[in-house]
Structures are given as structure tokens and as C-alpha cells.
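This report concerns only the one structure given below.
The values are calculated or read from the model by the stated rules, or taken from the named source; none is laboratory data. Model, not experiment: these values are computed from the prediction. Quick reminder, even Gly has a Cβ in these numbers, built from the backbone with ideal geometry, and neighbours come from all protein chains shown.
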Amino acid sequence: MNTGQALIRALLAACMAVSAAGCGELPPYREGEALSAEGKNEASLERFETAAKAQPTNARYRAAYLQARDRTVNGWLDEAARLRQTGKPDEARKMYERVLALAPENARARAGLEQGERDRRHASLVQQAEDALKKGERDTALAKLHLALAENQQFRPALALQQRIEQPTGDSPERALSAAFRKPISLEFHDAQMRQVFEVLSRASGLNFVFDKDVRTDQKVTVFLRNSTVASVVNTVLLTNQLEQRVLDGNAILIYPNTPAKQRDYQPLTVRTFVLSNSDAKDVANTLKTILKTRDIVVDEKRNMIVMRDTPDAIQAAEKLVAVHEMPEPEVMLEVEILEVKRSRLQDLGIQLPSQLSLTPLASSSGGTLTLDDLRHLNPTRIGATVSPLNVNVNAAVTDTNVLANPRVRTRNKEKARIQVGQRVPNVTTTSTATGFVAENVQYVDVGLKLEVEPTVTPDNEVTIRINLEVSDIISQVQTKSGSIAYEIGTRNATTLLRLKDGENQILAGLIQDEDRVSGNRVPGLGDIPALGRLFGAQSDNKLKSEIVLSITPRVIRPAQRPNLGSAEFDSGTESSLRLKSSMLHERSEPAPNPVAPGAAPTPSTEDTLRAHPRHAPAAAAFRSTGWRRPGRDTPGRPRPSAPRWISRPAPRRRTR
């Protein structure tokens, strides 16, 4: 008795253990599953973490915790990206730090923090550019924007400010030039030495000019420029005398001959790396080689990157060309509805009478072949008869089929998208060799509906779509002599090119296939009697009608962009000299100085300034020899011009008798 009770207790304990193992889950785990089903990832993560800590060796709890952590982290990362894109960097940084606190090894969060730091640095550069622009320091503002765009070519605040700065002139000035290079000036020199012209420019602007040893400073120069700038005068003199310049610093300019040897010696070169996102590196490299004549360029196809080495002007021009190539490709969502309607009517009604009677003499009674004597003694018992069966057909079948496909396809500009709805039918072909070996080859044929679309998005948000529609179905099966089965396939095709507006719907219909087949087996004469003819024959009426309707609606997801004016059009210099401006001829001059108030001390002239310093005596003599004067100061009642003016007249010729 005691043994039986002990056995019962052991069985009960085993049952309780099995029950606990099967359904003895911890309450935090069950609560976490319920919260996860409701989409509350953060709350479920806390419950799963509690369950995993309670039973560290439970693999099920550990897996649930890791899955909940991944869902929560992904949600936080998406939220951080949204905050960063909407201009809330501080909140995005807190979200990334929250992710790293939960998953310290998350590379996406670390990259987000680094990107946030770059965004803050770029925003600071943009703010500095704004402040410089308010002070009138246009060059400094563009230099700050260049630093930001060098790291992020798509930084929108920097692009917007750059476009606003470049909009009036269509290009940016040289960065290293000081404000003195844009001072207003008027010059009139006739057959003056180049040394004299640059000495006047140096005293008027405060710039320093350094000449290469091969520059002829005594060659004659004729210049007539009024209300111009120092930059325009320098550029004009250099351009007309086959000279080139290099900006050494904010106040010094080197003048050297424009020859290939001197270009190699003095022309500065810059290395620039372009990492492309929306264009192909080969195409961009071909553009740079063709437009800028750049020779030192390397294409990294693996990284889709371009490295080029050229002059600063060529680098700036390349940045504008790359910005045009890097505009995102337009994308369009195609909402397609395809409806295939099939209607089939089959009626098989009538009596199919025997159509064939066969009489065959039976074999000889002796078991041998049939002889003429056997034919002479033929009787009804010696003739076999075969009659085809009698069939009564009463059948009517009605079939209505609607095949609907409603795909939504997103594709890029000028990229084909293919939609296929149907099945692949095997088609078996048999080949035999001279040795008698027979091999079967199976080829699959696509049967059903195939649609190919190729959209082209225009800048005015219209979509040109090239449509190729093909509808095929199996008509019948054909059995070959070798026993293989082939299929007879019917096909309907439609190809068109249409242009729709964004959101405009277009319906293409009319692909109709209408079949009406009548087949019968009748008794001649009697089967043609109306109504009663059905008693003397069988007739099958089969009507089949199908129609294809296609509805397509394009919706532009990313519209086509037009390049801004600064990138679409800019001055590139001459055929022999690449310059973003030619070169600063369009630079706007500074406002003219205010007139001197009555009673105020007059401003000393440039000639007086030169005379006051003994080391500038040759320059003062040059001023006197060129006949410099300031209009408005020597002529009473004449208004003062907006810029100083220098006039050079040739020395009068002496008459000899």
C-alpha cells in the first residue's frame, strides 16, 4: 500500500514539473509579449529585461529581450534622423546618446553623433558667413561657405546662402583679395610705361606688385578706364600684355609672363576629392576633362569618387559642374490597375447518332485464312458488325473570370520597371542523336500579363511614360509524334508613349478578343431542319470574349530640379586661360567717398603724398610727366567724380625748321 502511494506521489510531482515547464512563464515575460503586440516597444523592453535578469540562463527570455532592444533602438534611430532633418540637432543628439546608453556598440548612433557635430560646425560656418556678409565682406563669406560645402555638398543652409550671394553676379570673386583691390579708380594713360601704371595702382590701392624677372616693365601701355576698379585695371593690363597674376596674400600680387614654363613655376595647384552620391564617376570625369581640359584626374569606381589636381579656378569650376551632376534623380510612383475580364458561354445540345457502321467477315471455321469458298457461303452468322455509339449531349457551361492586379511601382527617371502577372509553362523539346540517344530539354515560356514602363520626369512635373503591354494565354495543347506536348499561345501587344501630369489618370482599353465557335455532327438533310435538327445531330456553341483594361496614374515623389544660376552659367575665362571671372571685370566697386565739407582740410593728392616722401620722388616725377590731375578740384564749379582719375598725355613734339 505504501509503495502504491509513493508511486502516485512521484507521478503527481512529475506532472507538476511538466506543467510548470510548459506554462510556468514569468509574469514580466507575459506582460512584455502583450505590450509588444500593442506596439509599445519601450515598455515591453523593460518587462523582457526584468524576465531575462530573473532567469539569466533562459534562452527564450534572452532572445525576446534582444529582439525588443533591436526594435526600440531602430525606432529611436529613425526618430533621431527625423529630428536632425527637421532642424532639431540638440534633440537628435540626446536621442543618439540614448541609443548608445542602451547599445554602446551601435555604429549607426555613433555616425549620427559625428554627423550632428559636423552639422553644428557647418551651421557655425554659415552663421559666420552671414555675419561677414552683413559687414560687406563678400569674399570672407564665400570662403566660409566653401569650407562647409567641401565636407557636405548638400548642406542646404550653405547652398541657399551661396546662391543668394552669387545671384547678382553669377560667380564668386577671388577669395584672397582684400577690399583694396575693389577700390574705384579712373585711369587715362597713353603710351606710358607699365612700371608707372602699376606704381600708380600701388599708391592708389595700397597693394604691392612683384614682377618676375622676365616681365618687361618698360613696355608701353595705353589704358582708358573710367569709374572702374583696381581689379579691372590690373586684369585689363595683364590680359592685353600676355601676363598672368598670382595672389600671394591679401595685399601682394605676383606678375609673370603667361607662358607654359611660367605657368608651371608660379601657378598654384589644388587637389580636390569629390565623393559622388547621385551620379556616376566616369560620366562626371568625362565632363571635367571635356569642359575644363583637366588632365590630372583619377576615377575610383569602387567608391564612386573623383580626385583631381588643377588650379584653384579650375577646382571652383569643377565644384559647380559636380553640383549640377549631383542633383538627385527624379523618382515617380506608378499606380497601375490591370483588369482582365473573360466571359465564356458553352452550349452542347443534341443527339449524336451513330455515324459509322463497319461489317467484317469472320474468320474461317477451320482457323485458317479466309478463302473464296468462305465468301461464297457468307450468311448473317458469318459477318461481324461494328456500330459507333449513340450519344445524347445536354450540357451548358457559363464562365466569368476577372483577373485584377493593382501594383504600385516606384522607379527612377529613365529606368525601366517591369510588372509580370501569370505563370511559366514548361515546353518540352526532344532531340535525338545518330546513336539513338534521346534527350529532352525543358524550356519555360512566360504566359500571362507583362507590363514594362519607362518614365521620364520633366522639370515642370509632367511624366512621359513609354508603355509596353503584352497579354498572352494558352489556346491549346499540341502533341508531337514523339509524345512531347507543346502549347499554342495567343498574344496581344500594345505599345504607346504618353505624357501625363502629376496625379493625372489615363485608362487604356480596347484589347478585346472575341471568339464564336460552332461545331456540329448531324445527319445530312435531317440535321438541317430547324428545331427538329437537334434530334438528328449534336451541335456545340462556344463563345469566348476577353478584354484588357489598363489604368495608370503617375505620382512624382522626387521632382526634377533645375540648377541654380551660379552653377548653370558662369564665366570661365578665355581659351588659353581658365578663370571664373574675366577676371573680376564685373566686380562691383565700393561707394564713392563723401564730398569734403566746407571749411574742412582738403585731402592731400596722390602726387602730394609721393612728394612728401623722398624715396617716392621718381613716382612723383612720373605723375608729373603723365599730367595727372584730379578733376573737380582744379576746375571751379565742376562736380567731384566718384573715383580718382589719372590722365596721361603724350609729350608735345618739337617743331624743327
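Before moving on, here are some points about what is shown:
- Put simply, of A51, A92, A101 the only residue that is part of a helix (DSSP H, G or I), assigned by TED's automatic domain parsing to the domain that holds S36 and farther than 27 Å from R121 by Cβ is A51.
- Among the candidates R226, R264, the residue that is of a type in the set (D, E, K, R) and touching a residue at least 60 places away in the same chain (Cβ under 8 Å) is uniquely R226.
- Taking first residues from region 474-500 that are closer than 21 Å to V442 by Cα and partners that are outside any strand (DSSP E or B), the Cβ contacts under 9 Å between residues at least 6 apart in sequence or on separate chains come to A486/T480.
- Region 449-489 - residue that is more than 30 Å from E329 (Cα to Cα), of a type in the set (S, T, Y) and in a strand (DSSP E or B) and, of those, farthest from the chain's Cα centre (by Cα): S476
- Filtered residue count, region 104-147, keeping only those that are modelled with pLDDT of 80 or more, within 24 Å of P312 (Cβ to Cβ) and surrounded by 17 or more Cβ atoms within 10 Å (Cβ to Cβ): 12
- Residue in region 258-275 that is modelled with pLDDT of 90 or more and of a type in the set (D, E, K, R) present: yes
- Being among the small types (G, A, S), surrounded by 11 or more Cβ atoms within 10 Å (Cβ to Cβ), at pLDDT 75 or above and over 25 Å from R110 (Cβ atoms) is true of S44.
- Within region 234-250, the only residue that satisfies the criterion of being surrounded by fewer than 18 Cβ atoms within 10 Å (Cβ to Cβ) and either touching a Ser or Thr at 6+ places or on another chain (Cβ under 6 Å) or more than 27 Å from I185 (Cβ to Cβ) (or both) is G250.
- Total residues in region 405-444, condition assigned to a strand (DSSP E or B) and surrounded by fewer than 13 Cβ atoms within 10 Å (Cβ to Cβ): 15
- One residue from A129, A107, A80 being under 25 Å from the mean Cα position of the chain (by Cα) and aliphatic (A, V, I, L, M): A80
- Residue-level check: of (1) farther than 30 Å from D473 by Cα; (2) surrounded by 13 or more Cβ atoms within 10 Å (Cβ to Cβ), K302 misses just (2).
- Residue within region 278-285 that is small (G, A, S), modelled with pLDDT of 90 or more and either in the same structural domain as Q219 (by TED's automatic domain parsing) or in a helix (DSSP H, G or I) (or both) present: yes
- Failed criterion for R60 (all others in (1) surrounded by 14 or more Cβ atoms within 10 Å (Cβ to Cβ); (2) over 30 Å from N152 (Cβ atoms); (3) of a type outside the set (S, T, N, Q) hold): (1)
- Selection status of V341, surrounded by 17 or more Cβ atoms within 10 Å (Cβ to Cβ) and either touching a residue at least 40 places away in the same chain (Cβ under 8 Å) or within 16 Å of R579 (Cα to Cα) (or both): no
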